[in-house]
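Only the coordinates and a few stated rules stand behind these numbers; no lab work does. As the structure is a prediction and not an experimental result, all values here were calculated from the model. Cβ atoms come from the backbone with ideal geometry, glycine included; neighbour counts cover every protein chain shown.
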Amino acid sequence: MKLELGFTQINDIQFSKECKVDNGTLYVDPEAVKAFMYGDDDVKAWVKDFTFDVARPGESVRITPVKDVIEPRVKVEGPGGVFPGVISKVDTVGSGKTHVLRGMAVVTAGKIVGFQEGIIDMSGPGADYTPFSKLNNFVVVAEPMDGYQDNKHEYEHAVRIAGLRAATFIGELARDLTPDETETFETYGIKEGIEKLPGLPRVAYVHMLQSQGLLHDTYVYGVDAKRTLTTILYPTETMDGAIISGNCVSACDKNTTYHHENNPVVKSLFEAHGKTLNYVCNIITNENVYLADKQRSSDWTAKLCRLLDLDGVIVSQEGFGNPDTDLIMNTKKIELQGVKTTIITDEYAGQDGKSQSLADADPLADAVVTGGNANEVIILPKMDKVIGMLDYVDVIAGGHAGSLRPDGSIEAELQVITGATNEMGFNCLSAR
Amino acid sequence: MSYRVVHYINQFFANIGGEEMAHVEPELRDGFVGPGMALNNVWKGEAEIVKTVVCGDSYFAEHEAAAKEKILGWVKEIKPDFFIAGPAFNAGRYGYACSTIACAVQDELGIPVLTGMYEENPGADLKNKILIVATSNSAAGMRKAAPTMAALALKIMKGEKIGASCQEGYMPNGIRKNFFEKEIGAKRAVDMLVNKLNDKPFTTEYPMPSFDRVAPNPALKDLSKATIALCTSGGIVPKGNPDHIESSSASHYGEYDITGVDDLTPDKYETAHGGYDPVYANEDPDRVLPVDVMREFEREGKIGKLHNKFYTTVGNGTAVASAKAFACEYAQKLREAGVHAVIMTST
């Protein structure tokens, strides 16, 4: 399967009556975006109102609580449309051509529904830890209808769909653009790959999807991942939004939809594809809470690795603690099939860094990449402007009573920062 | 003003002699001796070796208490800003002496210390107690070891923030530190996998810990006479979370009285846990902390009684070391209260 991505760099976002992309600037009418978001009945039912703002790199701006980050894309050739099974129909995506508005994102924020939403600082020390400080962010702040507290699943769904619809609306503006840059990605059928790339080790990406319930869910072609069996995808399918995030876990190791669209493991494996390895496919597997599910999913992962006659896999985790069990089960079973593994995780070694970092371990997991210790404490200075609200800083995962200090600064663990210790290996942050 | 440093070396590096002279007793010399020059050169006057302690390796090994007493006495009197020992490379007794005396200076005199040696040197056993720079296994590595040790020592003297072990050159000491790599994690993972596939050396960024597994105690013989307590890492707390147990990375646990409580109702209890879907636990907190069922068992005589207190914390993102410390403390309370068994629920 072959996909061409055409990138248009967005250097600024301006509110305007006319919606267009011109000379690197996105002009967008918030009212038009709002009208498009309200085109969905669930959004209508659960979101009272939306407000809009723009956050640019280097500005003294804090966005919180953050739910999702989404890169606007539009499918211009080939079957299907972006976010299949959710926004577009369920056709198989990942081939043809897709246009991308690079350097920007849609960020959904607003009143908390659980504990987990995060912080994006556009400048200062916090900005070093989140990749989204480098983007021009079109921020959508949702205000829930009264009574949402008793209908959290419905409200979360509505905000998720609203964000995807905003990104779809903006992505559509890229349809007729001539991209600044194009890049082509292709993987082969099993036999074809062996013939085309003889002698290269055959490698797949075992992509673990968080699937533990509210704010811990991931959707594949619209299907809730906790109701899926381990299966395979062409890597390019992820670039068209086949996997979306409904998931805030702790913000630091949450895979936003942006992470799925720009999966760095997919990117790095494509860079090595045909040179040092033969990139075969992605294997997606969930992280459910029940032991029987964990056993079944990890059995299937190992089984598929063997069936595909792989030589090696990269395993990426999402979340921590309970999913450490899934990570270790997967790794151990895959290694016992004679398939070599490298895993990407992050650490909860305590604020002093002295604790054991994972909740489960096995000697077969001998090749580990870490996204850093999420318990490490950071001081985030006061920002001139807050998009969203600071009301929840003390109770989000990584905060504590008194995190928000009288002078407006925040003392909290890295956990609070969206994407800080991402376990797809999106960042340079690590630990030893 | 430059920082004042005391340097510890053995008879070989002081040019007294090899194995045949390893019996020499500790002596104190002015200024630097032997490898001390390389350290001084890097410091360029910002720090300086004011005294050098020379001691035979055999003497230290065979008269450890006496050697320590003598050397500590000197160092105490000199009051240096820093104490540096070695590097010892793969010399076993020298490495042991460097680590042992450095550790004593640090612990007993409160002076910051540093030593250096090969990772397999027996002296490296103390790497979790004192900072030890990893060196090659022979003195040929001095050209690399001395600048690394000198640079790290100067950082410590200046009170600067110390980076991760791989940046500063010290052996991993059980304290995880964040830093920014040059490449993103995914690229590092692909490179590591390609090396592993080609049987080339690779270094894991997190060596697997040896996992602490606790064997359960033997089963109770007679439940009908047992006092049983409920404990949880699922974050069940009185409504409003009065003790502010964190939603992740809990810094403490809560102890709550359930005398006369038959059922955990959503108007009085909730979960503080941020790591799972809280909707169902908040609808009926007994789902995580089954007080209702335990009361039934109590009435039916299946158990003697339910302990009148429960202990709770949030497991989410909480360091294993913290969890262990909480449990050690409240296990004692449970024991003192005559509790026979605990049902620990997790989420």
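Assorted remarks:
- Annotation: aspartates and glutamates with alpha-carbon distance below 15 angstrom to residue A:48 (same-chain offsets under eight excluded): A:31, A:40, A:143, A:146, A:154, A:156.
- Taking Lys and Arg as +1 and Asp and Glu as -1, the other residues whose beta-carbon sits under 14 Å from that of residue A:89 total -1.
- Rounded to 10°, Cα long-axis angle of helix B:185-197 versus longest principal axis of chain B: 70 degrees
- Beta bridges from DSSP with both residues in the stretch B:3-168: antiparallel share about 15 percent, rounded to the nearest 5.
- All alpha carbon pair distances within the stretch A:2-416 were sorted into 10 Å bins beginning at 0; the resulting P(r) in whole percents reads 5, 22, 32, 27, 12, 2, 0.
- By the Kirkwood approach, averaging reciprocal distances over each pair of separate Cα atoms, the stretch B:3-168 gets a hydrodynamic radius of 15.3 Å.
- Whole-number D in µm²/s for the stretch B:223-345 (Stokes-Einstein; Kirkwood sum over Cα pairs; 37 °C, 0.692 mPa s): 227 µm²/s
- Space enclosed by the convex hull of the alpha-carbon atoms of the stretch B:33-79, per residue, Å³: 72 Å³
- Calculated on alpha-carbon atoms, Rg and Dmax of the protein assembly as shown in Å: 29.3, 90
- Net dipole in debye of the stretch A:302-368 [+1 Lys, Arg Cβ; -1 Asp, Glu Cβ; about Cα centre; nearest 20]: 260 debye
- Amide H contacts under 5 Å for residue A:202, placed H, 5+ residues apart: A:278, A:311, A:312
- Diagonalising the gyration tensor over the Cα atoms of chain B and scaling each eigenvalue by 5 before taking the square root yields semi-axes of 56, 24, 19 Å, largest first.
- Separation of alpha-carbon centers, the stretch A:43-84 and the stretch A:320-361, rounded to whole Å: 32 Å
- Extended-chain gain in nm, criterion 0.36 nm per residue less alpha-carbon gap, residue A:178 and residue A:362: 61.2 nm
- Farthest toward positive dipole pole in chain A [+1 Lys/Arg, -1 Asp/Glu at C-beta], among A:108, A:428, A:149: A:428
- Between 0 and 90 degrees, the angle of helix B:92-109 with respect to the longest Cα principal axis of chain B falls at about 70 degrees.
- Crossing angle, helix B:291-300 versus chain B [Cα axis fit, 0-90 degrees, rounded to tens]: 60 degrees
- The number of Lys pairs in the stretch B:223-345 with C-alpha atoms less than 23 Å apart, excluding pairs fewer than 8 positions apart on the same chain, is 12.
- Spatial separation of Cα centroids for the stretch B:315-337 and the stretch B:153-228, in angstrom: 22 Å
- Within a straight-line Cα-Cα reach of under 30 Å, residue B:76 can be paired with the following lysines, leaving aside sequence neighbours fewer than 8 residues apart in one chain: B:44, B:51, B:68, B:127, B:129, B:155, B:158, B:161.
- The mean number of partner chain beta-carbon atoms within 10 angstrom of a residue's beta-carbon across peptide B:267-280 is 5.
- Helical content alone sets the calculated 222 nm signal of chain B at -10000 deg cm²/dmol, taking -39,500 (n - 2.57) per DSSP H segment of four or more residues and averaging over every residue.
- CD proxy at 222 nm, helix term only [per DSSP H run n ≥ 4: -39500 (n - 2.57); per residue of chain A; nearest 500]: -6000 deg cm²/dmol
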